[in-house]
1. Show the residue pairs that are 6+ apart or on different chains and have beta-carbon atoms under 6 Å apart, the first residue being within the range 303-316 and over 12 Å from residue 280 (Cβ atoms) and in contact (Cβ under 8 Å) with a residue 12 or more places away in the chain, the second being part of a loop (DSSP other than H, G, I, E, B) and more than 9 Å from the ligand (Cβ to nearest atom).
2. Could you tell me whether any residue of the range 90-102 is more than 19 Å from the chain's Cα centre (by Cα) and surrounded by fewer than 20 Cβ atoms within 10 Å (Cβ to Cβ)?
3. Select from the range 241-251 the residues that are at pLDDT 90 or above and in a loop (DSSP other than H, G, I, E, B) and list them in ascending order.
4. Do the conditions hold for residue 89, that is, is it in a loop (DSSP other than H, G, I, E, B) and on the phi < 0 side of the Ramachandran plot?
5. When residues of the range 257-295 are filtered for being within 11 Å of the ligand (Cβ to nearest atom) and modelled with pLDDT under 95, how many remain?
6. Limited to the range 61-75, what total is found for residues that are touching a strand residue (DSSP E or B) at 6+ places or on another chain (Cβ under 7 Å), more than 7 Å from the ligand (Cβ to nearest atom) and not in a loop (DSSP other than H, G, I, E, B)?
7. Would you check if residue 191 is within 14 Å of the ligand (Cβ to nearest atom) and in contact (Cβ under 8 Å) with a residue 60 or more places away in the chain?
8. Would you pick out the residues in the range 200-210 that are crowded, with 19+ Cβ neighbours inside 10 Å and in contact with a helix residue (DSSP H, G or I) (Cβ under 7 Å, 6 or more places away or on another chain)?
Ligand SMILES: NC(=O)c1ccc[n+]([C@@H]2O[C@H](COP(=O)([O-])OP(=O)(O)OC[C@H]3O[C@@H](n4cnc5c(N)ncnc54)[C@H](OP(=O)(O)O)[C@@H]3O)[C@@H](O)[C@H]2O)c1
C-alpha cells in the first residue's frame with residue numbers, strides 16, 4: 001500500500017541547529033548500521049523507517065559498509081526511497097560515509113581521495129540519489145595527508161554529490177586541523193560523529209570544546225552503548241540481541257557481564273523518574289549543549305518509539321545527574 005506519512009509528523013520532534021550552520025537535525029536520529037542490511041527483514045526495516053519519519057525523525061544515517069553484506073543498508077534505503085520516500089526526499093537528511101574497509105585492494109579503505117570519491121559514487125548508485133545531504137570521512141587516516149582527505153570532501157560538495165561534509169571519530173586535535181583545512185577550502189565542516197554514552201565519555205576530554213569553538217555540530221553515536229544502556233540485558237542475553245551475534249562483534253558477552261551491575265542501578269534510577277533506561281541514556285547524551293542529535297539504532301518499532309519518547313520527559317535535573325555520576329564511579 002502506498003505510504004501516507006503522518007500529517008502531524010512535525011508536531012512533537014525537537015530540531016536542533018547543527019553547530020553554526022543553517023541545518024537543523026532532529027534531537028533523535030536513526031542509524032542504519034544494524035537491522036537494515038540484506039540479511040535483515042525488509043518489512044521490519046520498512047515499518048521502522050516509516051514510523052521514524054512519522055515521528056519527525058528526519059535524519060537517516062548510513063555508511064558505505066553498513067549491512068551485512070556491506071552496501072546493503074544503502075540498497076535497502078534506495079528501495080524504500082523508490083517505494084515510499086521519494087515524494088519526501090526534501091524532508092529527509094540522508095548521510096553516508098567512507099573510511100572503513102569496503103572493497104579489496106589498496107583503494108577500498110582509509111582516507112585517500114581515490115577511495116572517498118569512488119565510494120561516494122557507489123553509494124549514490126545504491127541509494128538511487130543524485131546527492132547525499134552529508135558525506136563523512138568515517139575515520140581519520142594516519143597515513144594520508146589530512147589535506148587530501150578534506151580535499152576529497154570538498155570535491156564531493158563541488159561536484160554536487162553532497163550538500164555538507166562531516167568527520168567521524170577524529171580526535172580534538174585532528175578535528176581542529178580538519179576544520180581549518182575545510183574552512184580554507186570554502187566548505188565548512190558541518191558535523192562531527194563521535195561515540196558518546198555513559199560508558200564512553202572521551203568527547204568530554206577536549207573534543208566538545210573544539211566543536212563549540214569551531215561551530216561544528218555533534219551527532220552522538222551509540223548513545224545506548226549498543227543496547228547495554230537499556231533493559232535489553234537485565235535478564236541475560238536474549239537470542240537475537242546484538243551481544244548474541246557472532247558476525248560483526250562490537251558488543252560482547254564480556255561487555256555485558258562487566259557492566260551489568262551498573263546497568264541495573266541506572267535502570268532503577270531511570271524508573272524512579274518515570275523513564276526507561278534508554279530514555280535516560282538519551283537525555284544524558286543530549287544534556288551537553290554541543291550535542292545536536294542522539295544517533296540511536298533500533299531493531300523494532302517498539303524500541304524506536306521508546307527512544308523518541310525520551311524527548312517527552314523533562315531534562316535531567318542536577319540531582320539525577322549527580323546520582324548517575326555516583327553509579328558510574330561505583
Ligand atoms: N561513525 C561511526 O564510526 C559509527 C559507529 C557505530 C555506529 N554509528 C552510527 O550510530 C548508529 C547507532 O549506533 P548503535 O546501533 O550502536 O546505537 P545504540 O542506540 O547505542 O544501540 C542500538 C541497539 O540498542 C538496542 N536498543 C535500542 N533501543 C532500545 C530500547 N528502547 N530498548 C531496548 N533495547 C534497545 C537494540 O539492540 P538489539 O539489536 O539487540 O535489539 C539496538 O540495535 C548506527 O546505526 C550508525 O548510524 C556510527
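The values are calculated or read from the model by the stated rules, or taken from the named source; none is laboratory data. Everything quoted here is computed from the prediction, not taken from an experiment. Every residue, glycine as well, gets a Cβ built from its backbone with ideal geometry; the counts of neighbours run over all protein chains shown.
1. Close Cβ pairs (under 6 Å, with a partner that is part of a loop (DSSP other than H, G, I, E, B) and more than 9 Å from the ligand (Cβ to nearest atom)) amount to 308/55; 311/14; 311/27.
2. Yes, that holds for at least one residue.
3. Those that are at pLDDT 90 or above and in a loop (DSSP other than H, G, I, E, B): 241, 251.
4. So residue 89 fails the test.
5. Residues flagged as within 11 Å of the ligand (Cβ to nearest atom) and modelled with pLDDT under 95 within the range 257-295 amount to 0.
6. 1
7. yes
8. 207, 210
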